[in-house]
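Chemist: So that we are looking at the same thing, I have put the structure below in structure tokens.
The values are calculated or read from the model by the stated rules, or taken from the named source; none is laboratory data. The structure displayed is predicted, hence computed values, not measured ones. Here the Cβ positions follow ideal geometry from the backbone for every residue, glycine too, while neighbour counts run over all protein chains shown.
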């Protein structure tokens with residue numbers, strides 16, 4: 001069962017990477033046709049990665065108890081924010097930090 005938790009956590013990290021790739025692809029797709037904005041390497045990679053994550057999540061949710069598996073999902077918000085800050089050099093506001101702390105507190109309370 002531990003390997004399924006690790007697989008679920010991998011899914012969370014891959015989701016954050018996929019969302020970051022979508023952001024990069026969308027910013028590189030400016031001033032081009034709509035079709036070209038969807039057919040750049042970052043966007044296609046992101047969609048393929050998110051498809052893989054969907055398959056991972058199907059496996060994780062089939063094996064782990066729902067209460068245990070759902071606890072992993074909110075961490076996507078934290079990783080997406082961290083990737084946006086470190087990789088995309090986006091600003092992090094106090095409300096985003098507060099939101100992340102609320103997510104962690106909610107997960108801790110839900111896990112009890």
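Chemist: Could you please find all residues in the stretch 1-20 being modelled with pLDDT under 95, more than 12 Å from residue 57 (Cα to Cα) and in a helix (DSSP H, G or I)?
Modeler: 2, 3 - these are the residues of the stretch 1-20 that are modelled with pLDDT under 95, more than 12 Å from residue 57 (Cα to Cα) and in a helix (DSSP H, G or I).
Chemist: Moving on to the next point. May I ask you to list the residues in the stretch 61-112 that are under 19 Å from residue 21 (Cβ atoms) and without any contact (Cβ under 8 Å) to a residue 60 or more places away in the chain?
Modeler: If the condition is that a residue be under 19 Å from residue 21 (Cβ atoms) and without any contact (Cβ under 8 Å) to a residue 60 or more places away in the chain, then 77, 78, 81, 85, 86, 89, 90 are the ones that fit.
Chemist: Tell me the helices (runs of 4 or more DSSP H) entirely within the stretch 23-105 that contain at least 1 residues that are farther than 28 Å from residue 5 by Cα and at pLDDT below 95.
Modeler: Correct list: 34-38, 41-63.
Chemist: Residue check: is residue 88 surrounded by fewer than 16 Cβ atoms within 10 Å (Cβ to Cβ) and more than 16 Å from the chain's Cα centre (by Cα)?
Modeler: When the stated conditions are applied, residue 88 does not pass them.
Chemist: Residue by residue through the stretch 46-60, note down the ones that are surrounded by 16 or more Cβ atoms within 10 Å (Cβ to Cβ) and either without any contact (Cβ under 8 Å) to a residue 12 or more places away in the chain or over 12 Å from residue 12 (Cα atoms) (or both).
Modeler: Across the stretch 46-60, the qualifying residue is only 46.
Chemist: Looking at the stretch 8-36 only, could you name the residues that are within 21 Å of the chain's Cα centre (by Cα) and surrounded by fewer than 17 Cβ atoms within 10 Å (Cβ to Cβ)?
Modeler: Within the stretch 8-36, 9, 10, 13, 26, 27, 28 qualify.
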